[in-house]
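To keep things clear, I will list the structure first and then write my remarks on it.
Read-outs throughout are calculated quantities, based only on the coordinates presented, and are distinct from any laboratory measurement. Keep in mind that this is a model prediction, so the values were computed, not measured. Every residue, glycine among them, receives a Cβ derived from its backbone with ideal geometry; neighbour counts consider all protein chains shown.
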Amino acid sequence: MVALLWILFVVAALVLLDHFGGVSYTAIVFGAGAVSMVVTLLIQPSRGRLTLFRIAADRWDLIVIGVLYLVSVGLLRLAFGVFTTSNMLGLFLCFAGGLLVGSVGPLVYMAWGRNRPLAQLGLTGRRLRSTIALGLLFAGVQFALTLWGFDLPVAQDWVPLLVMSLMVGAYEAIFFRGFIQGRLEASFGVVAGAVGGASFYALYHVGYGMEFSEIGFLLGLGLVYAAAYRISENLFVLWPLLTPLGGFFNQLDSGEFSGDLPWASIAGFVDVLAIMIAAIWFARRHLRSKGLAHGGPTLVDGRTKANA
């Protein structure tokens, strides 16, 4: 019943994308989210209630979040604010570096630094069927509202954008949902995890040179993605469909990179994705050698007893 409530919340919020924009969208999403949270507390059995608020701050989690965030966003700002499309090599190297800091960094910290299973980053095969079904549902709604009937330009103007959106979507899923939202929730509860993750997600777009009016809208969208992730705690609910499709449509609609990305850029995007996948594989292998690949020691507030 609770899961159905939040599924309806995400679907309704995605539908509202076609009717509202800017800060008004964020205000509606936050209001609907608050009401949904109250209803959740009323209908959920006391034994299984979510911990909305807690004070159990993990100092190292917070330090690593801050460092990785500043470095990642700083590199993106360097790419899009300094190099720009007039220097494609510099732009790509900083762009790729920023995405790898935010995706590989959490894997290194969680697996080697804290010996935590990757399930705590949402990288898990648990509940895979239901997660894929939800991902198809959410992505289908978004596709119907954005890309259905959209006039695609010539292939060179959209194929590289699609591959880039897959790469950026993987980074956003790992960094903002699995890592930042998950670690903030472990320290401060569900509300701080969702709102904090959404806030970091919205503000990171400063790296792309977005105006604060656009960031106000992205805060609401980030909360929708946070809710979608929290339903299943599996990143496959967001990637490779929901968030990449959203980013792909935004790039097509804005025309920001239209005609600027050559076919050869696809190789670079695939290389970055390959590094992310390789990092996941090595992290899983490391954790398997320690008997932690499938959950390890008993979890206490999102942390293992051995690492609490």
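Of note:
- Annotation for the range 93-178: chymotrypsin sites (Phe, Trp or Tyr not before Pro) lying in DSSP loop with at most 10 further Cβ atoms inside 10 Å of their Cβ are 148.
- Of the trypsin sites (Lys or Arg not before Pro) found in the range 2-57, the ones in coil according to DSSP and having at most 14 other Cβ atoms within 10 Å of their Cβ are 49.
- Alpha-carbon Debye profile of the range 1-126, log10 I(q)/I(0) at 0.11, 0.13 Å⁻¹: -0.69, -0.92
- The Rg/Rh ratio of the chain, with both radii computed over alpha carbons and Rh defined as the Kirkwood radius, is 0.95.
- Of the residues 171, 79, 218, the one whose Cα sits farthest toward the positive end of the charge dipole of the range 2-304, with +1 on the Cβ of Lys and Arg and -1 on the Cβ of Asp and Glu, is 171.
- The residues packed around residue 194, meaning those with a beta-carbon under 13 Å from its beta-carbon, carry a net charge of +1 if Lys and Arg are +1 and Asp and Glu are -1.
- For the range 2-304, the relative contact order is 30 percent, taking Cα pairs closer than 8 Å that sit 6 or more residues apart in sequence and dividing their mean separation by the residue count.
- Most fluctuating residue given options 270, 224, 154, as computed from a GNM of the chain linking Cα atoms under 10 Å: 154
- Assigned charges on the beta-carbon of Lys, Arg, Asp, Glu; the chain dipole about Cα centre (debye): 1780 debye
- For the range 33-94, the spherically averaged projection of the C-alpha convex hull amounts to 7.4 nm².
- Choice from 149, 169, 81 with maximal GNM fluctuation in the chain (Cα, 10 Å cutoff): 149
- Computed over the chain with a Gaussian network model linking Cα atoms closer than 10 Å, the most mobile of 192, 155, 293 is 155.
- Applying a length cut-off of 30 Å (Cα extent along the axis) and a mean Kyte-Doolittle floor of 1.0 to the DSSP H helices of the chain leaves 22-43, 212-232, 265-289.
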